[in-house]
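The values are calculated or read from the model by the stated rules, or taken from the named source; none is laboratory data. Note that the structure is a prediction, hence the values are computed from the model and not measured. Note that we place each Cβ from the backbone using ideal geometry, even for glycine, and neighbour counts take in every protein chain shown.
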Amino acid sequence: MVLRNIGIFAHVDAGKTTLSEQLLLCAKAIRAAGSVDKGTAHTDTLPVERRRGISVKAACVRLSWKGCDINLIDTPGHTDFSAEIERALWAPDGAVLVISAAEGIQPQTTLLFEAMKSAGIPVIIFINKCDRDTADPERVKKEIRARLTPLAADAEDMTALTEAVAEQDEELLEQYLSGGTIAPETVLRRVPALVKARKLVPMLCGSALRGTGITALLDAVVGMLPPPGTDKAELCGIAFAQARDKALGKGLYIRMFGGTLTARDRIVTEGRFDPLTGARAQVENKISQIRDADLSDKGVLNAGEIGIVYGLTGLKVGQVIGSAELLPRICAPGRLRTPVMTVKALPEDPEDMQRLTAACMELSEEDPLLHARYVQATGELQLDVMGGIQSEILADILSERYGVRASFGAPGIIYRETIAKEAHGCCAYTMPKPCWAILDFIIRPAPRGSGVTFRSEVDGRDILPRYQHQVEQALPIALSQGRLGWKVTDVDITLVGGSHHQWHTHPLDFIVATPWGIQDGLRRGGSVLLEPVWEMRIHVPSECVGRIIADVNGMRGEIVSMHDDGEYTAVTALVPAAESMDYSVRLARTTSGRGSMSVSLHSYRDCPEGAAHTAPRRSVDPLDTAKYILAARNALESGIFDTDDPG
Ligand code: GDP
Ligand code: MG
């Protein structure tokens, strides 16, 4: 199969969408190039994208070049849409990283480059906007080699390319150093393997707006980036985006890494957690249709290909079909960046609350990190967001797609909490009969960033293995809200004692008992509030650095590194999110728009003494035992005691 699956990544405004348009035009997949500035680009199809000239969703288009099919994924660049960018990293075999010749490496560029590295994706760099007066491609190439990777080489300069290839090849290096000439064909033949192994990053120059350098880029995509591996027979595919069709309904963009999907296949995937069996339900769906990225009917989706699959209503973005072990990289939402802010969604017309809730639920199926939920206790509809631009765009989408006018309240920080000191957590669930579940945990504080670990020291005769399994299954629910109301993390939990009862234990008793025992321990051990800390990458004119350092200190932050290249300085700092929610706006002001920044979640750290932030409890407190037992029993009976939504 002659195919390339390629993602185009870059910071916002580098020219990704304009470049996608030119690639489509050059390959004759479209007759006339649309324009971002006129709102007619082929990959920006949402009304909000066209009106604002900013990509919000990843879009997959199809073109063909010199007998090779190319699936091209255009992605958003703004850091608020990192969830979408991250999902676009799950699918491709190679990437084009676009860097503006005028602005150079931006904070988001380094972040993306690192993300591609950890995903193991080979990269070609396209230096765009070379037509601009202020463009300085040579300076940008130097900057790339100094700051992104020394393995970057000018692909349009045969001497530079030969040197870079020779450096990776002992035999060629000897030949080169001893003054022998190396034939260009020899060099070019070695390039694809080196690119694939990420030992070489070819750089090309051009202008998407003027249409220069486009054929060279297409040649490089086909000639230097790797084809998909297609040798795996075992089924493996990942749903990385959602599409919608008026007639066919929900469709999922699926990248197959192994096996084959065929229309009318029945696909079994994991559904909700079933407390009765302690396992996940098996959901069966039938594929109604499979389409190519250009929407033509396809019928079959083979290993290595990307297609839109309809009929899999039970499958969600982020879920794997078949064996997850075959994925070439970890595909889990939130690795690039997780939201650390919650906003309240308010309908303009109170009558619209139900419609707004339904719309937000649907949007969070497409973007699981949004995590829309209706909080019974406060009667609020909440969503998790990355930043202000994302809430603005969400409001636009709600009105354009669903006809619901809504606004978002001021963002609140999503804190976490941990236990202050080691404590026992006990629960004796023996009343009201019939029931019997006795548990004794030890909960210990664990190092920051270590998450939750669990082990049991209890004999299977005291608590049957299947009940111990239930305890483990119920932990996410038990830890979804600690004593301060936030998700509990960085704890080491050991089950040290307890018992079941031969006659009295009801099948679900240990699921009811676990949150109770855990909360008892958390109460005894006391709580520590943890706050999200961003790794902030700032790029500013060097004369502004003094001011930036003062800002970082003023925000309880610390400088991690500084790189001064004369005109500009790249600063990396760790700053609590709570102090810096509006910093990108302030930065633009203090640098007269010449500074830029990008953030990623670095860690959750202890919040300074005195900060008292609590979150309202979303369900009955397990320590309010009489009320809790009643509620838990009811919930279990109606099947809503669900670990899919542990907060
Ligand atoms: P994206 O955010 O990376 O998708 O960037 P867009 O494709 O939306 O382009 C952002 C802006 O840069 C638009 O106004 C484009 O017209 C402009 N632009 C894109 N490529 C070039 C180029 O090669 N030269 C110049 N001068 N402008 C460009
Ligand atoms: Mg774009």
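Take Ile70 and decide whether it is crowded, with 19+ Cβ neighbours inside 10 Å, away from ligand 1 (no atom under 16 Å from the Cβ) and of a type in the set (Val, Ile, Thr).
On the way: crowded, with 19+ Cβ neighbours inside 10 Å: yes; away from ligand 1 (no atom under 16 Å from the Cβ): yes; of a type in the set (Val, Ile, Thr): yes.
Spelling it out, Ile70 is indeed crowded, with 19+ Cβ neighbours inside 10 Å, away from ligand 1 (no atom under 16 Å from the Cβ) and of a type in the set (Val, Ile, Thr).
If a residue must be assigned to a loop (DSSP other than H, G, I, E, B) and of a type in the set (S, T, N, Q), how many such residues does segment 177-187 contain?
Residues flagged as assigned to a loop (DSSP other than H, G, I, E, B) and of a type in the set (S, T, N, Q) within segment 177-187 amount to 2.
If we only count strands (runs of 3 or more DSSP E) wholly inside segment 555-629, which ones have 2 or more residues that are under 30 Å from Ala428 (Cα atoms)?
It comes to none.
Yes/no per residue for (1) in contact with a Pro (Cβ under 9 Å, 6 or more places away or on another chain); (2) more than 9 Å from ligand 2 (Cβ to nearest atom):
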| position | (1), (2) |
| --- | --- |
| Gln22 | no, yes |
| Ala29 | no, yes |
| Ala32 | no, yes |
| Thr43 | no, no |
| Ala58 | yes, yes |
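Of the numbered conditions (1) modelled with pLDDT under 95; (2) part of a helix (DSSP H, G or I), Ala220 satisfies every one except a single condition; which is it?
(1)
Scan segment 188-199 and give yes if some residue there is touching a residue at least 24 places away in the same chain (Cβ under 8 Å), surrounded by 15 or more Cβ atoms within 10 Å (Cβ to Cβ), more than 26 Å from the chain's Cα centre (by Cα) and not in a helix (DSSP H, G or I), otherwise no.
Checked segment 188-199: no residue is touching a residue at least 24 places away in the same chain (Cβ under 8 Å), surrounded by 15 or more Cβ atoms within 10 Å (Cβ to Cβ), more than 26 Å from the chain's Cα centre (by Cα) and not in a helix (DSSP H, G or I).
Would you confirm whether or not segment 394-406 contains a residue that is surrounded by 21 or more Cβ atoms within 10 Å (Cβ to Cβ), of a type outside the set (A, V, I, L, M, F, W, C) and farther than 30 Å from Gln502 by Cβ?
The answer is no; no qualifying residue exists.
Name the residue that is nearest to ligand 1 (Cβ to nearest atom), counting only residues in segment 12-55 that are β-branched (Val, Ile, Thr), crowded, with 19+ Cβ neighbours inside 10 Å and assigned to a loop (DSSP other than H, G, I, E, B).
Within segment 12-55, the match that is nearest to ligand 1 (Cβ to nearest atom) is Val36.
Kindly evaluate Gly318 against the criterion of being in contact with a Pro (Cβ under 9 Å, 6 or more places away or on another chain), in contact (Cβ under 8 Å) with a residue 60 or more places away in the chain and more than 30 Å from Asp384 (Cα to Cα).
No.
Mind counting the residues in segment 87-108 that are closer than 23 Å to Leu200 by Cα and under 16 Å from the mean Cα position of the chain (by Cα)?
Going through segment 87-108 one residue at a time, the tally reaches 6.
Within segment 216-225, identify whether any single residue is more than 21 Å from Thr75 (Cα to Cα) and within 16 Å of ligand 1 (Cβ to nearest atom), and answer yes or no.
Within segment 216-225 (the criterion being more than 21 Å from Thr75 (Cα to Cα) and within 16 Å of ligand 1 (Cβ to nearest atom)), the answer is yes, since at least one residue qualifies.
Within segment 363-402, can you find the residues that are of a type in the set (Gly, Ala, Ser) and more than 14 Å from Leu346 (Cα to Cα)?
Ser364, Ala377, Gly387, Gly388
Quick one: which residue in Leu46, Leu72 is at pLDDT 90 or above and aliphatic (A, V, I, L, M)? Before you say what the answer is, go through the steps one by one.
Working: Leu46 fails: at pLDDT 90 or above.
Leu72 is the lone residue from the list that is at pLDDT 90 or above and aliphatic (A, V, I, L, M).
Would you mind finding the one in Val309, Val340 that is within 24 Å of Ala233 (Cβ to Cβ) and modelled with pLDDT of 90 or more?
Matching residue, one of Val309, Val340: Val309.
Yes or no, residue by residue, for (1) within 22 Å of Ala208 (Cα to Cα); (2) modelled with pLDDT of 95 or more; (3) more than 16 Å from ligand 1 (Cβ to nearest atom):
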| site | (1), (2), (3) |
| --- | --- |
| Gly104 | yes, no, no |
| Gln108 | yes, no, no |
| Ile121 | no, yes, yes |
| Ile125 | yes, yes, no |
| Cys130 | yes, yes, no |
| Arg139 | yes, no, yes |
| Pro150 | no, yes, yes |
| Glu163 | no, no, yes |
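Working only within segment 1-11, note down all residues that are more than 13 Å from Leu72 (Cα to Cα) and either of a type in the set (Val, Ile, Thr) or within 13 Å of ligand 1 (Cβ to nearest atom) (or both).
Answer for segment 1-11, where residues must be more than 13 Å from Leu72 (Cα to Cα) and either of a type in the set (Val, Ile, Thr) or within 13 Å of ligand 1 (Cβ to nearest atom) (or both): Val2, Ala10, His11.
Scanning segment 315-337 for residues that are of a type in the set (D, E, K, R) and modelled with pLDDT under 90, which turns out surrounded by the most Cβ atoms within 10 Å (Cβ to Cβ)?
In the first step, residues of segment 315-337 are kept if they are of a type in the set (D, E, K, R); the result is 316, 325, 329, 335, 337.
Cutting the leftovers down to modelled with pLDDT under 90 gives us 316, 335, 337.
Numbers: Lys316: 17, Arg335: 17, Arg337: 25.
Result: Arg337.
May I ask you to list pairs of residues, at least six apart or on different chains, whose Cβ atoms are under 6 Å apart, with the first in segment 1-25 being without any contact (Cβ under 8 Å) to a residue 60 or more places away in the chain and the second being assigned to a loop (DSSP other than H, G, I, E, B) and among the small types (Gly, Ala, Ser)?
Thr17/Ala41; Thr17/Ser55
Considering only residues that are away from ligand 2 (no atom under 15 Å from the Cβ), under 22 Å from the mean Cα position of the chain (by Cα) and not in a strand (DSSP E or B), which ones fall in segment 60-83?
First, the residues of segment 60-83 that are away from ligand 2 (no atom under 15 Å from the Cβ): 62-71, 83.
Cutting the leftovers down to under 22 Å from the mean Cα position of the chain (by Cα) gives us 71, 83.
The one that is away from ligand 2 (no atom under 15 Å from the Cβ), under 22 Å from the mean Cα position of the chain (by Cα) and not in a strand (DSSP E or B): Ala83.
Could you give every pair whose Cβ atoms fall below 8 Å, whose first residue belongs to segment 37-54 and is without any contact (Cβ under 8 Å) to a residue 12 or more places away in the chain and under 16 Å from Val12 (Cα atoms), and whose second residue is within 13 Å of ligand 1 (Cβ to nearest atom) and outside any helix (DSSP H, G or I), counting only separations of at least 6 or pairs across chains?
Between residues of segment 37-54 that are without any contact (Cβ under 8 Å) to a residue 12 or more places away in the chain and under 16 Å from Val12 (Cα atoms) and residues that are within 13 Å of ligand 1 (Cβ to nearest atom) and outside any helix (DSSP H, G or I), the close pairs are Glu49/Ala41; Glu49/Ser55; Glu49/Val56; Glu49/Lys57; Arg50/Gly39; Arg50/Thr40; Arg50/Ala41; Arg50/Asp44.
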